[in-house]
Amino acid sequence: MAAALTLYRSTIGKKAIMAITGFIGYGFVILHMVGNLHIFEGPAEFNHYAEFLRTIGTPVLPERGLLWILRVVLLASVILHVTAAVQLTRLDWASRPQGYRQTKRKQATFASMTLRWGGIAIFFFLIYHLAHFTFGVGIPNFAGHESAYQNVVTGFSNPINVALYIVAVGALGMHLYHGVWSMFQTLGLNGARTDGFWRGLAALSGILLFLGFSTVPIAVITGVVR
Ligand code: HEM
């Protein structure tokens, strides 16, 4: 226990927490993005997928049992991820001399700047997004969770929502690009020779997530999904 606390208090311990919780969030967004693509199969398939999420684990667990476990894990991950990020930023500021001169450090600063601002943007997006599709705030005639398809179509009939979602998933793509790359560094997988490979992989996953998420609002506003 004492060893775990010491590790938690160290910079490397906080980075490890960021890597692990970030990976959990990353796994969630990949599954969520793939799941959302069921919208192209029509209302029945999409609503069936939403129902699957509610009933997964039954009858061993009560309805929504596993869903709640996943929610708790996800929420705990977000809280730990944000807390460790704030603490690391403070440590970084406290140890910073009078500014950076070297190019290499400038690169690192750009990555951490976009990670921080992107992280803040994603946090606010998440509140906005849960208000919409989970609590039905801002969706006219919210049709309930059994009609998730209808809610998505109504939500994205508003061009302001479409624009905000596209900006948000763009920020998410950038965040994941930098985040996945720094996770490889934290895990010590990144060497001078393999840097290009990991960077490419991180960029590819960020781009795929951006494309996968943004096709849904675009498909609705262009009338492909209605
Ligand atoms: C175009 C993009 C997206 C669409 C169409 C979409 C759609 C949805 C829908 C329909 C629900 C509610 C399901 C229900 O309970 O009826 C939902 C829930 C959720 N979404 Fe998204 N989503 C998108 C992007 C994102 C992104 C980028 C994130 C994370 C960064 C995210 C995180 C969540 C979370 C945490 C929930 C709540 C799950 C729960 O506990 O019920 N979504 N999304």
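The values are calculated or read from the model by the stated rules, or taken from the named source; none is laboratory data. Remember, predicted model here, so these are calculated numbers, not experimental data. A quick note on method: Cβ atoms are made from the backbone with ideal geometry, for glycine too, and the neighbour counts reach across all protein chains shown. For accessibility, only protein heavy atoms count, side chains too; no ligands or nucleic acids. Shrake-Rupley method; radii C 1.70, N 1.55, O 1.52, S 1.80 Å.
Here are a few things to note about the model shown:
- Taken over the range 160-203, the criterion of being open to solvent by 30 Å² or more (accessible area, probe 1.4 Å) and of a type in the set (S, T, Y) is satisfied by Y177, S182, T186, T194.
- If you check S95, S157, S77, S147 for being modelled with pLDDT under 95 and open to solvent by less than 80 Å² (accessible area, probe 1.4 Å), only one passes: S147.
- The residues of the range 133-165 that are in contact (Cβ under 8 Å) with a residue 24 or more places away in the chain, under 22 Å from G25 (Cα atoms) and more than 8 Å from the ligand (Cβ to nearest atom) amount to a single one, L164.
- Qualifying residue in the range 69-85 (condition: assigned to a helix (DSSP H, G or I), over 30 Å from P217 (Cα atoms) and away from the ligand (no atom under 16 Å from the Cβ)): yes
- Any hit, the range 117-129, residues being more than 21 Å from the chain's Cα centre (by Cα) and either within 10 Å of the ligand (Cβ to nearest atom) or open to solvent by 40 Å² or more (accessible area, probe 1.4 Å) (or both): no
- Only one of the numbered conditions (1) open to solvent by 90 Å² or more (accessible area, probe 1.4 Å); (2) without any contact (Cβ under 8 Å) to a residue 40 or more places away in the chain; (3) out of contact with any Lys or Arg (no Cβ under 7 Å at 6 or more places or on another chain); (4) not β-branched (V, I, T) is not met by F23, and that is (2).
- Some residue of the range 56-63 being assigned to a helix (DSSP H, G or I) and without any contact (Cβ under 8 Å) to a residue 60 or more places away in the chain: no
- G206 vs. criteria open to solvent by 20 Å² or more (accessible area, probe 1.4 Å) and part of a helix (DSSP H, G or I): no
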